[in-house]
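Chemist: Below is the structure I would like to discuss, written out as structure tokens.
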Amino acid sequence: MCSFQITGIDHVVVRTADPARALAFYRDVLGLVVEREQPEIGLVQLRAGRSLIDLIPADPAAMADPDRPNIDHFALGVAPFGEAALRAYLTAKQVPIVEAGLRYGAGGEGLSLYVRDPDGNKVELKDASGEGERRAPAPGAPDAGPA
């Protein structure tokens with residue numbers, strides 16, 4: 001039995017061949033507000049209600065490949081987020097953790113564990129509380145890049 005529940009979609013990360021065009025669509029057409037940027041990696045995070053949509057640049061040639069998805073990953077809010085209990089639960093279910101780290105999401109900074117679903121899609125399990133554990137992942141745990 002789970003000792004946590006999914007609270008909703010925290011964020012979705014969209015790859016884009018034309019970041020300026022994508023930003024204009026989400027901001028100027030849909031009315032989303034830029035909440036945070038990481039220019040060093042080209043990341044723009046836009047507020048979409050209780051969630052975020054993250055835009056990241058992608059190689060235009062890769063975008064034309066139908067075998068490469070435009071969605072990098074999606075994040076589900078998890079509460080309560082007890083890292084040790086969640087790791088034990090996933091291990092018991094034979095779900096390997098492929099990345100981990102402190103990330104920014106719709107609820108603010110918090111720990112995240114990344115897994116893959118049966119079809120290989122990357123799913124981020126994100127501390128939904130905004131008040132969760134504020135430390136680096138356990139020593140020896142896989143670490144991730146940007147949210």
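Chemist: Take LEU113 and tell me if it is part of a strand (DSSP E or B) and modelled with pLDDT of 95 or more.
Modeler: In short, yes.
Chemist: Against the condition touching a residue at least 60 places away in the same chain (Cβ under 8 Å) and in a strand (DSSP E or B), how does ASP54 come out, does it pass?
Modeler: Here the answer is yes, as ASP54 does meet what is asked.
Chemist: Sticking with this structure for a sec: Kindly indicate whether ALA75 is modelled with pLDDT of 95 or more, in contact with a strand residue (DSSP E or B) (Cβ under 7 Å, 6 or more places away or on another chain) and under 15 Å from VAL115 (Cβ atoms). So that I can check it myself, show each step before the final result.
Modeler: On the way: modelled with pLDDT of 95 or more: no; in contact with a strand residue (DSSP E or B) (Cβ under 7 Å, 6 or more places away or on another chain): yes; under 15 Å from VAL115 (Cβ atoms): yes.
Taking the combined requirement at face value, the residue does not satisfy it.
Chemist: Scan the range 30-73 residue by residue and report those that are of a type in the set (Gly, Ala, Ser) and surrounded by 12 or more Cβ atoms within 10 Å (Cβ to Cβ).
Modeler: GLY42, ALA48, SER51, ALA58, ALA62
Chemist: Moving to a separate point now. Determine whether the range 69-85 contains at least one residue that is touching a Cys at 6+ places or on another chain (Cβ under 9 Å) and assigned to a helix (DSSP H, G or I).
Modeler: no
The values are calculated or read from the model by the stated rules, or taken from the named source; none is laboratory data. This one's a predicted model, so the numbers in the text were calculated from it and none came from an experiment. No Cβ is skipped: glycine too gets one built from the backbone with ideal geometry, and neighbour counts run over all protein chains shown.
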